[in-house]
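Engineer: Would you mind keeping the following structure in view while I ask a few things?
The values are calculated or read from the model by the stated rules, or taken from the named source; none is laboratory data. Computed from a prediction, not measured in an experiment: that's the story for all the values here. Positions of Cβ are generated from backbone atoms using ideal geometry, with glycine treated the same way; all protein chains shown enter the neighbour counts.
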């Protein structure tokens, strides 16, 4: 069985390009060119140079000793939080901006939830001198004020999405509308492994650097490049896909994807897509999404803006349906507690998104021998308000 | 012969009107259809609302949201449309996004269309390849039309392919845009319309997006079989004087 995309743009039953005709030329242009451009030697060289000198890669693989003692396993943290701009999102935006330049695009648009992808996009636009417009839900603009300020300082225009739940899904709608209205000179940098083919594949390729480095680092540190488990949080699922990518075909490595359970999966305030969702089409691909019986998309809830999305990428839907990946969830409370625990045991304040992956360690049982890699996808600076309010700091 | 084919054979300057089902009031759907036919509409597109209408501008987003908030869904819409053919004789299409249709089941959806006398669909985010592979037989065996969109960026080869798959008319977008913006007829637009006309397609053409006045409608009729009005009509609806507001709106185009 293949866990990767086929020539028709599908992962098993999922994927495709469900887009209105207005977007067809843009998406088709990408589909025809993305692999050619990415595989080109000059692209690879420029991409890796920037990842090294600008982003600060390779990001460390850190054996968290005190956490390891607590959970009775070797817990490694893949430190994407140490990247420039503070999360894994920059891996993808560097890749896509180089691609956009090679397609001759002059204007960049993006959607953002927590603001991490918006900041990463505004950053690469500043770096390359391109115009940048970021769509962000009105609710998220309020709860992620520091990132909004960063985007503005970087020269991006931040446009509030005021429809629906005013969060990530609605920001994505607005970005797609912008692209429809600017079909020639604009490239849409989607921030996750969602959207019409080839986006899920393209973003996964750019994020696959996470597992590529992890394998090398594990080999150096343990003499074995196969961990027993890899864990990552899933909103749309880009850090998870990057963390899983080079392990997907190695069935000995267990893939654990942690969704945002919100106030509890059955509370009506949750973003646990695989538990609550059904197959359908959202934002251009067939996947699993939270929806009513009538096919209307349900508003998700999570304390973490980056996981507050009613769908998952089509490759995740495929990994879930085939049983290759284990899709689980933890609640808002469990995540915040896990964030505090990491801070006080290892001196690392994680993004609340990443804290979801850490929180699931509590629910696993180990024998003391396992090597476990957790993708620490981002740092918690942007979440200080939420942490302070929750813990009364 | 189908209602759509007959219409295009018998009439020129066809005026097609889009409105959102269940808006402004939940049970206005058939009432609006009836009033539109009385006021001179030739063809109707009834929108079934979706929570995430990415191809639509603010007016249709708002009408869709209000309709959903009032309780509209496909089951209720087909229930309302049971009385459609007692009151309306012009062709009627349903227009909406693919996900509600998938959840209803495409076969069930098509059967329900036939049952209530709907003549076809416009589903902008249903891709041509998927339609061809999975749904064309379902549509055609029931005599339903599926209407595809063409934009200024659509290549001639793709337009030919669309023409081959179409069996009603082709929906020509005046520009690549979300709904509800005013049509700016520039030299570029005119040359695009002329280019399409030169292709001598098998299917008739209807121009939509941005038609909101007699001038823009006449422009559409100059290059195609007629024009489609959506946002401008939805915006003109007055709940307190529904029939009156429809009549006044339609007068502008029939003079």
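Engineer: Exactly one condition in (1) surrounded by fewer than 23 Cβ atoms within 10 Å (Cβ to Cβ); (2) over 16 Å from the mean Cα position of the chain (by Cα); (3) within 14 Å of chain A (Cβ to nearest Cβ); (4) within 27 Å of residue B:178 (Cβ to Cβ) is false for residue B:59; which is it?
Structural biologist: (2)
Engineer: When the residues of the range A:20-30 are filtered to those that are within 12 Å of chain B (Cβ to nearest Cβ) and touching a residue at least 24 places away in the same chain (Cβ under 8 Å), which remaining residue is farthest from residue A:201 (Cα to Cα)?
Structural biologist: A:22
Engineer: Taking into account only those residues within the range A:174-215 that are free of Cβ contacts under 8 Å to residues at least 60 places away in the same chain and either away from every other protein chain (no Cβ under 11 Å) or touching a strand residue (DSSP E or B) at 6+ places or on another chain (Cβ under 7 Å) (or both), which is nearest to residue B:127 (Cα to Cα)?
Structural biologist: Checking each candidate, the answer is A:208.
Engineer: Given (1) touching a residue at least 24 places away in the same chain (Cβ under 8 Å); (2) within 14 Å of another protein chain (Cβ to nearest Cβ), where does residue A:11 come up short, assuming only one miss?
Structural biologist: The failed condition is (2).
Engineer: In this structure, is residue A:90 part of a helix (DSSP H, G or I), under 20 Å from the mean Cα position of the chain (by Cα), without any contact (Cβ under 8 Å) to a residue 60 or more places away in the chain and buried (at least 22 other Cβ atoms within 10 Å of the Cβ)?
Structural biologist: In short, yes.
Engineer: Kindly list the number of the only condition in (1) in a helix (DSSP H, G or I); (2) more than 10 Å from chain A (Cβ to nearest Cβ); (3) at pLDDT 95 or above that fails for residue B:146.
Structural biologist: Every listed condition holds for residue B:146 apart from (1).
Engineer: Next question, about the same structure. So which residues in the range B:26-63 are in contact with a helix residue (DSSP H, G or I) (Cβ under 6 Å, 6 or more places away or on another chain), farther than 15 Å from residue B:230 by Cα and in contact (Cβ under 8 Å) with a residue 60 or more places away in the chain, if there are any at all?
Structural biologist: B:35, B:39, B:40, B:54
Engineer: Can you name every residue in the range A:1-28 that is touching a strand residue (DSSP E or B) at 6+ places or on another chain (Cβ under 8 Å) and part of a helix (DSSP H, G or I)?
Structural biologist: If the condition is that a residue be touching a strand residue (DSSP E or B) at 6+ places or on another chain (Cβ under 8 Å) and part of a helix (DSSP H, G or I), then A:21, A:22, A:26 are the ones that fit.
Engineer: A further question follows. Determine which member of the set A:304, A:377, A:285 is closer than 27 Å to residue A:224 by Cβ, touching a residue at least 60 places away in the same chain (Cβ under 8 Å) and either buried (at least 24 other Cβ atoms within 10 Å of the Cβ) or in the same structural domain as residue A:148 (by TED's automatic domain parsing) (or both).
Structural biologist: Going through A:304, A:377, A:285 in turn, just one is closer than 27 Å to residue A:224 by Cβ, touching a residue at least 60 places away in the same chain (Cβ under 8 Å) and either buried (at least 24 other Cβ atoms within 10 Å of the Cβ) or in the same structural domain as residue A:148 (by TED's automatic domain parsing) (or both): A:377.
Engineer: With respect to the numbered conditions (1) crowded, with 21+ Cβ neighbours inside 10 Å; (2) touching a residue at least 12 places away in the same chain (Cβ under 8 Å); (3) more than 18 Å from residue A:189 (Cα to Cα); (4) within 14 Å of chain B (Cβ to nearest Cβ), which one is the sole condition not fulfilled by residue A:17?
Structural biologist: Result: residue A:17 passes all but (3).
Engineer: Which of the residues spanning the range B:171-190 are outside any loop (DSSP other than H, G, I, E, B) and surrounded by fewer than 22 Cβ atoms within 10 Å (Cβ to Cβ)?
Structural biologist: Residues satisfying the conditions are B:187, B:188, B:189, B:190.
Engineer: Here is a further query. Identify all residues within the range A:145-159 that are out of contact with any helix residue (DSSP H, G or I) (no Cβ under 6 Å at 6 or more places or on another chain), more than 14 Å from chain B (Cβ to nearest Cβ) and either assigned to a loop (DSSP other than H, G, I, E, B) or modelled with pLDDT of 90 or more (or both); write none if there are none.
Structural biologist: Hits for the range A:145-159 are A:149, A:152, A:153, A:157.
Engineer: Which one of the conditions (1) surrounded by fewer than 19 Cβ atoms within 10 Å (Cβ to Cβ); (2) over 30 Å from residue A:368 (Cβ atoms); (3) in contact (Cβ under 8 Å) with a residue 24 or more places away in the chain does residue A:142 fail to meet, given that it meets all the rest?
Structural biologist: It fails just one condition, (3).
Engineer: Which residue, of A:188, A:135, is farther than 21 Å from residue A:25 by Cα and either over 22 Å from the mean Cα position of the chain (by Cα) or buried (at least 17 other Cβ atoms within 10 Å of the Cβ) (or both)?
Structural biologist: When all the criteria are applied, what remains is A:135.
Engineer: Then there is this: Looking for something modelled with pLDDT of 95 or more and assigned to a helix (DSSP H, G or I) - is there at least one such residue anywhere in the range A:101-111?
Structural biologist: Taking every residue of the range A:101-111 in turn, at least one turns out to be modelled with pLDDT of 95 or more and assigned to a helix (DSSP H, G or I).
Engineer: Condition first: more than 10 Å from chain A (Cβ to nearest Cβ), touching a residue at least 24 places away in the same chain (Cβ under 8 Å) and under 24 Å from residue A:292 (Cα atoms). Now tell me which residues in the range B:94-115 satisfy that.
Structural biologist: B:94, B:95, B:106, B:107, B:109, B:110, B:111, B:112, B:113
Residue-by-condition table, conditions (1) touching a residue at least 24 places away in the same chain (Cβ under 8 Å); (2) surrounded by fewer than 22 Cβ atoms within 10 Å (Cβ to Cβ); (3) in a loop (DSSP other than H, G, I, E, B):
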| position | (1), (2), (3) |
| --- | --- |
| A:326 | yes, yes, no |
| A:329 | yes, no, no |
| A:335 | yes, no, no |
| A:338 | yes, no, no |
| A:342 | yes, no, no |
| A:345 | yes, yes, no |
| A:359 | yes, no, no |
| A:367 | yes, yes, yes |
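Engineer: Taking into account only those residues within the range A:347-357 that are in contact (Cβ under 8 Å) with a residue 60 or more places away in the chain and not in a helix (DSSP H, G or I), which is farthest from residue A:75 (Cα to Cα)?
Structural biologist: Going through the qualifying residues, I end up with A:351.
Engineer: Same structure again: If only one of A:279, A:299 is out of contact with any helix residue (DSSP H, G or I) (no Cβ under 7 Å at 6 or more places or on another chain), at pLDDT below 95, under 24 Å from residue B:54 (Cα atoms) and surrounded by fewer than 24 Cβ atoms within 10 Å (Cβ to Cβ), which one is it?
Structural biologist: A:299
Engineer: Further, regarding this structure: Within the range B:66-86, take every residue that is over 17 Å from the mean Cα position of the chain (by Cα) and under 21 Å from residue B:229 (Cβ atoms) and give me the one that is surrounded by the most Cβ atoms within 10 Å (Cβ to Cβ).
Structural biologist: Checked the range B:66-86; the qualifying residue surrounded by the most Cβ atoms within 10 Å (Cβ to Cβ) is B:67.
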